[in-house]
Amino acid sequence: MSSQALEPVRPLHAVSPPAPVMVSASQQMADILALVERVAARDTKVLVTGESGVGKDLVAREIHMRSARATRPFIAVNCAGLTETLLESELFGHVKGSFTGAYRDKPGKLQLAHRGTLFLDEVGEMSLRMQALLLRFLENGEVQSVGADHVQTKVDVRVIAATNRVLADMVTNGQFREDLLYRLRVIHIHVPPLRERREDIRPLVKFLVSKSGREGEFSEAALKMLERYRWPGNVRELQNVVEQSLWMSNGSRVEVAHLPPAVQAAGDALVPMRERRRQVSDELYTALVSGGYSFWEHIHPLFLARDITRYDMRCLVRKGLSTTRGNYRSLLRLFGIATQDYKRFLNFLAAHDCTVDFREFRQGSPPPLRSPRLLPPLGEHTAGSADGGERKATEHGAARAV
Ligand SMILES: Nc1ncnc2c1ncn2[C@@H]1O[C@H](COP(=O)(O)OP(=O)(O)OP(=O)(O)O)[C@@H](O)[C@H]1O
Ligand SMILES: [Mg+2]
């Protein structure tokens, strides 16, 4: 197949997405948009991560639309929705007769995305064999269709991948290839959950109301309640709630009573956000230092299940460091972590962007100790006793601050 044959047969407007509208009022989203602008200028591979519904697709489209490839196809492939065989054929195409039902040659999405962008959604769901095939493509750009006995063509495709999984953990568990992770994550864009950027809620509501084509506005009390809710389904859930509430209010102003019961219930129970966050890290800390809890057994699973956020985790680490006067190694005893797990602990913090700079805790007098019983002897607190590890932790943090 010549490179000529790779030109998409459909007219370009049929594959290019309409310009996405990305509402952003928070500093986090402003930072992301600035990064999007920068990466759009090059063909660098980008990995977009974040919980379901935060806007990863939107970020990928935004990169494409701002890039020199904007008039070329943006092709999305959902790696989760297909069996391994179908995904291989979807990506690389197949030749006639390669399997039952393959009545004619069919180009894959990689060929269709030639000179454009391929968006690999839910890339964490790929089998190890597919990961190997993808890696080979990323290394040489060559495409060999299913059933073909030789490489048929080379394509020029920019790859953007997305996942709501923590790929670093999957690498540790042997479920994701480390070399592929490095290939895909040249630039990493993490889209934070909506509950960590509540400033976006009001403008999003306004945008979603206008997008719905319905008349309507939200009362101040209703907006405040939306700002207090936890949004496990993020912007997608907000979209549904706005639609549902507009329907319930039937053209009149949306009041608290028109909001779905789950949102109202959260509003009743919640204390102000800052206070809630403080309470969460306080509770975790107390459970660790005096409640018999241990970091890997109790806190880590809460984090993986997303019952606690990165913000909570950072607050917990800060609390610990303020007790140990910035000594990371002393956190081990405080948090019930075995000495040999020191590196694992630092790697975990770095991988999840939870590393806290220890230096600010080295100055001034230490705060009163909450649980002296569980603290290491004072002799271990001398500044510099664990500097090697701590310097490494800070470096990890800086390196991940892309
Ligand atoms: N900042 C935003 N401004 C406007 N709309 C947004 C924004 N973020 C998300 N949305 C909308 O919310 C919905 C969910 O976003 P998107 O599909 O990009 O999420 P996702 O992170 O890819 O989710 P999943 O992991 O489930 O695939 C989409 O309809 C999208 O247009
Ligand atoms: Mg998506």
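Values for this structure:
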{"item": "Hits in the stretch 113-144 (condition: within 16 Å of ligand 1 (Cβ to nearest atom) and of a type in the set (F, W, Y))", "result": "F119"}
{"item": "Filter result for F74 (within 26 Å of the chain's Cα centre (by Cα), buried (at least 17 other Cβ atoms within 10 Å of the Cβ) and of a type in the set (F, W, Y))", "result": "yes"}
{"item": "The lone exception for G147 - which of (1) more than 16 Å from ligand 1 (Cβ to nearest atom); (2) touching a Phe, Trp or Tyr at 6+ places or on another chain (Cβ under 9 Å); (3) farther than 21 Å from T85 by Cβ it fails", "result": "(3)"}
{"item": "Options R42, R104: the member that is free of Cβ contacts under 8 Å to residues at least 40 places away in the same chain, away from ligand 1 (no atom under 13 Å from the Cβ) and more than 19 Å from V155 (Cβ to Cβ)", "result": "R104"}
{"item": "Matching residues in the stretch 152-172 - criterion: being surrounded by 23 or more Cβ atoms within 10 Å (Cβ to Cβ) and within 13 Å of ligand 1 (Cβ to nearest atom)", "result": "I160, A161, A162, T163"}
{"item": "Within the stretch 46-64, considering residues that are aliphatic (A, V, I, L, M) and in contact with a helix residue (DSSP H, G or I) (Cβ under 8 Å, 6 or more places away or on another chain), the one nearest to ligand 1 (Cβ to nearest atom)", "result": "V54"}
{"item": "R306 over 24 Å from V166 (Cα atoms), modelled with pLDDT under 90 and not in a helix (DSSP H, G or I)", "result": "no"}
{"item": "Unique residue being in contact (Cβ under 8 Å) with a residue 12 or more places away in the chain and over 25 Å from the mean Cα position of the chain (by Cα) when the list is V48, V95", "result": "V95"}
{"item": "Within the stretch 176-194, considering residues that are within 18 Å of L133 (Cβ to Cβ) and either in contact (Cβ under 8 Å) with a residue 12 or more places away in the chain or within 15 Å of ligand 2 (Cβ to nearest atom) (or both), the one surrounded by the most Cβ atoms within 10 Å (Cβ to Cβ)", "result": "L184"}
{"item": "Hits in the stretch 81-90 (condition: loosely packed, with under 15 Cβ neighbours inside 10 Å and either closer than 16 Å to Q111 by Cβ or within 16 Å of ligand 1 (Cβ to nearest atom) (or both))", "result": "G81"}
{"item": "Lone qualifier among L58, L82 - being more than 16 Å from the chain's Cα centre (by Cα) and in the same structural domain as R183 (by TED's automatic domain parsing)", "result": "L82"}
{"item": "Some residue of the stretch 250-260 being assigned to a helix (DSSP H, G or I) and touching a Ser or Thr at 6+ places or on another chain (Cβ under 8 Å)", "result": "yes"}
{"item": "Residue check, R104 charged (D, E, K, R) and at pLDDT below 90", "result": "yes"}
{"item": "Residues located in the stretch 37-65, provided they are away from ligand 2 (no atom under 16 Å from the Cβ) and of a type in the set (D, E)", "result": "E37, D43"}
{"item": "Those residues of the stretch 66-86 which are more than 14 Å from V159 (Cα to Cα) and either in contact with a Lys or Arg (Cβ under 8 Å, 6 or more places away or on another chain) or within 16 Å of ligand 2 (Cβ to nearest atom) (or both), in sequence order", "result": "A80, G81, L82, E84"}
{"item": "Selection status of E122, touching a residue at least 40 places away in the same chain (Cβ under 8 Å) and closer than 23 Å to A70 by Cα", "result": "yes"}
{"item": "Residue in the stretch 141-155 that is in a helix (DSSP H, G or I) and away from ligand 2 (no atom under 16 Å from the Cβ) present", "result": "no"}
{"item": "Where L120 falls short, out of the listed (1) away from ligand 2 (no atom under 16 Å from the Cβ); (2) over 24 Å from G101 (Cα atoms); (3) crowded, with 17+ Cβ neighbours inside 10 Å", "result": "(1)"}
{"item": "Any hit, the stretch 50-62, residues being touching an Asp or Glu at 6+ places or on another chain (Cβ under 7 Å), closer than 24 Å to S24 by Cα and of a type outside the set (D, E, K, R)", "result": "yes"}
{"item": "Qualifying positions in the stretch 125-164 - free of Cβ contacts under 8 Å to residues at least 12 places away in the same chain and over 17 Å from Y182 (Cα atoms)", "result": "D149, H150, V151"}
{"item": "Close pairs from the stretch 283-299: first hydrophobic (A, V, I, L, M, F, W, C), partner outside any helix (DSSP H, G or I), Cβ under 6 Å, at least 6 apart", "result": "A287/Y293; L288/F335; V289/S371; F295/F335; F295/G336; F295/I337"}
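The values are calculated or read from the model by the stated rules, or taken from the named source; none is laboratory data. In this text the structure is predicted, and so the values were computed from the model without any measurement. Here Cβ is always computed from backbone atoms with ideal geometry, including for glycine, and neighbour counts include all displayed protein chains.
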